[in-house]
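Presented below is the structure to which this report refers.
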Amino acid sequence: MQKKGYKQKTEKRAAIGSSATRLQRRLCKGPARLWLCLLMGLLLLTGCSYDEEVELCDVTVTLVYPDGAAGPYAGAAVKLKNSLASIFVDSTDAQGVARFTVPPGIYEASSSETHIDGDYRYVFNGLKSLIIVSPDSTNNVSMSLRMTKKRIVK
């Protein structure tokens, strides 16, 4: 046994469905179809024309060794870490300078190095935070190192 009005509702749904199908058929034929394809192509091309360029900045980190140390040393590892946790690594030259090319942002520089000279092991550590790198600044950073001297027991 069917409820009253059930047949009327299904007939209305069928009529709505058939009118949507007729609209689809009209849009997909002849010049309307051509215009629709051109419009979609134009939208696709304008969406692809966006070109983003990341401006890079040159940064120099100079390691400042404590008094009494034999530094600077070539080959000391220096790390730059930005606020997104991307890490950039470079080694120092004979003057204790590391050079980076990085995007603008806020960075943290760190260095840790061990040298053995005769009967002693020298450990140099340094950390500098909140380094702001931008295209309109010089981006030259001096990082002081602390030295720990340990006698090697043989």
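Please treat every number below as a calculation from the coordinates, not as lab data. Everything quoted here is computed from the prediction, not taken from an experiment. Glycine gets a Cβ as well: all are built from the backbone with ideal geometry, and neighbour counts include every protein chain shown.
Results, tabulated for the structure shown:
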read-out: Positions within region 104-141 being of a type outside the set (Val, Ile, Thr), surrounded by 14 or more Cβ atoms within 10 Å (Cβ to Cβ) and more than 30 Å from LYS154 (Cα to Cα), in sequence order; value: PRO104, GLY105, TYR107, GLU108, ALA109, SER110, LEU127, LYS128, ASN139
read-out: Every residue from region 144-154 that is among the charged types (D, E, K, R) and either in a loop (DSSP other than H, G, I, E, B) or within 17 Å of GLN95 (Cα to Cα) (or both); value: LYS154
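Listed here are the residues, each with its yes/no results for (1) surrounded by 13 or more Cβ atoms within 10 Å (Cβ to Cβ); (2) within 26 Å of the chain's Cα centre (by Cα); (3) of a type in the set (A, V, I, L, M, F, W, C).
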site: LEU56; (1), (2), (3): yes, yes, yes
site: VAL59; (1), (2), (3): yes, yes, yes
site: GLY68; (1), (2), (3): no, no, no
site: SER83; (1), (2), (3): no, yes, no
site: PHE88; (1), (2), (3): yes, yes, yes
site: THR92; (1), (2), (3): yes, yes, no
